[in-house]
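One structure is given here, and the rest of the page talks about it.
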Amino acid sequence: MKKQIHLIFAAVVLALLMTGCKGHGIKDISVTSFKIVSLTPQGSTGLVALVEVGVHNPTVGFEVSDVSGLLNVKGQQALILTADQIVIDGNKDKTYTIPFKAYMADGFNPFSLLKLLNNELNFDELTVSIKAKVALRGGVGKNIEIKDKKLSDFIKKDAKDQDDNK
């Protein structure tokens, strides 16, 4: 009986999360900005990237945890990414500062990333895969995964959204 009550509670909370408040739903949550603030080397194969991410969240607050990812350059594994837990406030537009840790994948030549600075490498050649757990504060959650998404897709979307907001 206790297990059934937990399942019913989980279903109600997920329904609330899906519908959100004031007529808003999960689909209304969006990333409004993205900026790399700093890159700090960590030894010979690692770095910490401090990233500011703007989030529009018209629904309830939630947590993003167990964040891991992989950046590929021309199909070759380049950077392995991780981030600590992130708490997103409900019913707010807010910018969050997130430290990402990155490590060079075995066999990757870090100088190939320098080609970005000379425009020899474009964002169509960079893909990212990300896994994370998204949960209401205190528990009920879902694992999400994005596989092999071109970075250019994120940039084009952001540019289009910014043009639409003008």
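The values are calculated or read from the model by the stated rules, or taken from the named source; none is laboratory data. Treat the numbers as computed from the prediction; the structure is a model and nothing was measured. Positions of Cβ are generated from backbone atoms using ideal geometry, with glycine treated the same way; all protein chains shown enter the neighbour counts.
Some observations on this one:
- Being modelled with pLDDT under 85, assigned to a strand (DSSP E or B) and under 18 Å from the mean Cα position of the chain (by Cα) is a condition met by no residue of the range 16-27.
- Residue in the range 36-43 that is among the hydrophobic types (A, V, I, L, M, F, W, C), without any contact (Cβ under 8 Å) to a residue 40 or more places away in the chain and in contact with a helix residue (DSSP H, G or I) (Cβ under 9 Å, 6 or more places away or on another chain) present: no
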